[in-house]
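Worksheet: the structure to be examined is printed underneath.
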Amino acid sequence: MPVLERRIVGFLCNWCSYGGADTAGVSRFTQPTDLRIVRLPCTGRMNPIFAVKALLSGADGVLVSGCHPNDCHYTSGNFYARRRLETLKRFLPVLGIDSARFAYTWVSAAEGRRWQEVVTDFTRVIHELPPMPRLDDDTGIDAFLRTLETLPHPGCPEHAASSRSAAPGTDDLRNTL
Amino acid sequence: MSTITDTFASLLTRADVLLGWGPGYDPLHCAPLFARTPEEASRIILDARAVQSLAPYLPSFLKEHPDERVAVLARPCQVRSITALAQEDLIDPGRLILVLFPCGGRLDINAVLKACPKAEIVETAKVDGGRLILGWAHEEASLPLEGVMNSGCARCTLREAADLPVPAGCEVVRLNLPPASPSSSAPPEDPLKKFLEMAPKERWEFWKKEMSRCIRCYACRDACPMCVCRDSCVASSRNPHWLTEKDSVSDKLLFQIIHALHLAGRCSGCGECARACPMGIPVGLLKMQMNAVMDELFEYQAGIDPAAAPPLLAFRETEKNIGEKG
């Protein structure tokens, strides 16, 4: 009986998990082939809209992976990401989307074996769920992945002041101390 | 004893404009009123018919009138929105005078029209002793306010707002009015709790069906106090082209999800998005879920503590309610 593939989109940090996936590949660790990887400069770049758009475009699962807490290449990107991603995960049920379809984890560049486990486990979870229900008029996951390739730098002039005040060393310091 | 009119007149000596509610296109509806003279201020309406939040006008008004001081009438939920805006430096509280009054809750105009279809062509309307009295040439109808109250107001615990902190630098004036009478009936059931009792598949189908009615007017966004992006909104962005111009459920649902995600840790739950929706889509449910998540993860309610950092603009090395997931 043929094993039907599901479509999983992975958003991986350039500095760790992307390398970890590479390590897994170079070490020839067998992995499920359902995952399509998008490389991010940092999980701090992970806008929850990427995950939501992927799911609404028909992806069966979204996996985000970055550097272990305290190991961020930019010091604090994954700390901001952790809050955002957990928020998204807990928000999904109100839409009727199983929160198991969205997962985030931390894998370093050296952890090829761990990457194999993460992908295998997440793929198993997704295969246990029914396929993501399609919205009759969605644009499709391939079109979405093409959109991501041409993504410009984000930013909103109306928020310029608030993003300044949120610069590392001000708010985050206040909160960590 | 000074009357409300005197108070408004004295406010206008210290502020350039008094933002309140004035008569709308019929006696049942109010419209935002920017009063610059005591005569204009005398038209202000301060009862349950004043339903709009005036907070959405502040960021752009203060930006476009950089030398003016603004006095703004605010209900407690709207004070929370104003505090949340100040927390993010989107308004300068030093140029604001908050005018507080005992809030007896807001009408749900749709509920009024449902209870009394003839209210479409009402000739007079007033709120008196817990009842809404509608009048026509030869008849009168009296509806108990509790039956036609905004469901969010019926559950609200902030009506007095006596202890609600305000942003630093912001002047506060309290109107000398009798306190609002507390609601005697039991608060209605939490709509989010009821909604989450549905099976996930039913919820998905619910949103599919509701979103198919959306006309993409973006009234929900324009009525939202925290939606300050205006022309830079992601919904009108061409590059990246997150939303197409198609009349498709995926685009409409994606916008609602974006709106809720952008309100994480910012939404005061004023319910303006749902009130403004001309199609009656319960988009407020998504924000209620987001607020529940913020409470669960960060024990945070937007606009309550002016000194707090909004949760998604900050972090802790070890989060209290999030495991490391390592």
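The values are calculated or read from the model by the stated rules, or taken from the named source; none is laboratory data. In this text the structure is predicted, and so the values were computed from the model without any measurement. As a convention, Cβ positions derive from the backbone with ideal geometry for all residues, glycine included, and neighbour counts pool all protein chains shown. These accessible areas exclude ligands, DNA and RNA; they are computed on the full protein's heavy atoms, side chains included. Shrake-Rupley method; radii C 1.70, N 1.55, O 1.52, S 1.80 Å.
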- request: Check the stretch B:45-56 and report whether any residue there is without any contact (Cβ under 8 Å) to a residue 24 or more places away in the chain and at negative phi.
  value: no
field: Filtered residues of the stretch A:115-138 (kept if out of contact with any Lys or Arg (no Cβ under 9 Å at 6 or more places or on another chain), within 10 Å of another protein chain (Cβ to nearest Cβ) and surrounded by 14 or more Cβ atoms within 10 Å (Cβ to Cβ))
entry: A:Asp138
message: Exactly one of these conditions fails for B:Asp295: (1) surrounded by 24 or more Cβ atoms within 10 Å (Cβ to Cβ); (2) within 19 Å of B:Arg155 (Cα to Cα). Give me its number.
response: (1)
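Yes or no, residue by residue, for (1) away from chain B (no Cβ under 12 Å); (2) open to solvent by less than 20 Å² (accessible area, probe 1.4 Å); (3) touching a residue at least 40 places away in the same chain (Cβ under 8 Å); (4) within 16 Å of A:Phe122 (Cβ to Cβ):
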residue	(1), (2), (3), (4)
A:Asp22	yes, no, yes, no
A:Thr33	yes, no, no, yes
A:Ala51	no, yes, yes, yes
A:Ala54	no, yes, yes, yes
field: Single match in A:Thr105, A:Thr87, A:Thr75 (criterion: touching a strand residue (DSSP E or B) at 6+ places or on another chain (Cβ under 6 Å) and under 30 Å from B:Pro310 (Cα atoms))
entry: A:Thr105
- request: Under 7 Å between Cβ atoms, at least 6 apart or on separate chains: pull out the pairs that start in the stretch B:268-281 with a residue that is within 14 Å of B:Cys224 (Cα to Cα) and end on any residue that is among the β-branched types (Val, Ile, Thr) and assigned to a loop (DSSP other than H, G, I, E, B).
  value: B:Cys273/B:Val283; B:Ala274/B:Val283; B:Arg275/B:Val51; B:Cys277/B:Val283
query: Right, B:Met226: within 10 Å of chain A (Cβ to nearest Cβ) and under 21 Å from A:Thr87 (Cα atoms) or not?
result: no
- prompt: Which residue out of A:Arg113, A:Arg134, A:Arg101 is of a type in the set (Lys, Arg), touching a residue at least 24 places away in the same chain (Cβ under 8 Å) and over 21 Å from A:Phe50 (Cα atoms)?
  reply: A:Arg113
- request: Sort through B:Gly265, B:Gly271 and tell me the only one that's closer than 30 Å to B:Val70 by Cα, touching a Phe, Trp or Tyr at 6+ places or on another chain (Cβ under 7 Å), of a type in the set (Gly, Ala, Ser) and at pLDDT 90 or above.
  value: B:Gly265
task: Give the number of residues within the stretch A:85-114 that are open to solvent by 50 Å² or more (accessible area, probe 1.4 Å) and not hydrophobic (A, V, I, L, M, F, W, C).
output: 5
message: Suppose the filter is touching a residue at least 12 places away in the same chain (Cβ under 8 Å), on the phi > 0 side of the Ramachandran plot and surrounded by 22 or more Cβ atoms within 10 Å (Cβ to Cβ); does B:Gly284 pass it?
response: no
query: Could you list, in sequence order, the residues of the stretch B:50-72 that are within 14 Å of B:Pro225 (Cβ to Cβ) and assigned to a strand (DSSP E or B)?
result: B:Val72
field: Residues of the stretch B:88-122 satisfying the condition of being closer than 21 Å to B:Cys156 by Cβ, in a strand (DSSP E or B) and open to solvent by less than 10 Å² (accessible area, probe 1.4 Å)
entry: B:Leu98, B:Val99, B:Leu107
message: Among the residues in the stretch B:276-294, are any at the interface with another protein chain (Cβ under 7 Å from one of its Cβ atoms) and in a loop (DSSP other than H, G, I, E, B)?
response: no
query: Quick check, is A:Asn47 open to solvent by 10 Å² or more (accessible area, probe 1.4 Å), polar (S, T, N, Q) and within 13 Å of another protein chain (Cβ to nearest Cβ)?
result: yes
task: Of the numbered conditions (1) modelled with pLDDT under 95; (2) crowded, with 21+ Cβ neighbours inside 10 Å; (3) polar (S, T, N, Q), A:Asn175 fails exactly one; give the number of that condition.
output: (2)
field: Scope the stretch B:243-273; condition within 10 Å of another protein chain (Cβ to nearest Cβ), in a loop (DSSP other than H, G, I, E, B) and surrounded by fewer than 22 Cβ atoms within 10 Å (Cβ to Cβ); matching residues
entry: B:Leu243, B:Thr244, B:Lys246, B:Asp247, B:Ser248
message: Could you check the stretch B:50-60 and list, in sequence order, the residues that are over 23 Å from B:Val127 (Cα atoms), open to solvent by 20 Å² or more (accessible area, probe 1.4 Å) and touching a strand residue (DSSP E or B) at 6+ places or on another chain (Cβ under 9 Å)?
response: B:Tyr57
- request: Return yes when B:Ala309 is assigned to a helix (DSSP H, G or I), at negative phi, open to solvent by 10 Å² or more (accessible area, probe 1.4 Å) and in contact with a helix residue (DSSP H, G or I) (Cβ under 8 Å, 6 or more places away or on another chain) and no when it is not.
  value: no
- request: Any chance you could count how many residues in the stretch A:89-139 are under 18 Å from the mean Cα position of the chain (by Cα) and part of a loop (DSSP other than H, G, I, E, B)?
  value: 7
- request: Run B:Asp47 past the list (1) open to solvent by 20 Å² or more (accessible area, probe 1.4 Å); (2) assigned to a loop (DSSP other than H, G, I, E, B); (3) farther than 22 Å from B:Ile133 by Cβ and report the number of the one that doesn't hold.
  value: (3)
statement: Across the stretch A:56-75, the tally of residues that are farther than 22 Å from A:Leu151 by Cβ and within 9 Å of chain B (Cβ to nearest Cβ) stands at 3
statement: Scanning the stretch B:314-326 residue by residue, the ones that are open to solvent by 50 Å² or more (accessible area, probe 1.4 Å) and either of a type in the set (Gly, Ala, Ser) or not in a loop (DSSP other than H, G, I, E, B) (or both) total 1
query: If you take the residues of the stretch B:24-42 that are more than 17 Å from the chain's Cα centre (by Cα) and under 28 Å from B:Cys277 (Cβ atoms), which of them is surrounded by the most Cβ atoms within 10 Å (Cβ to Cβ)?
result: B:Leu28
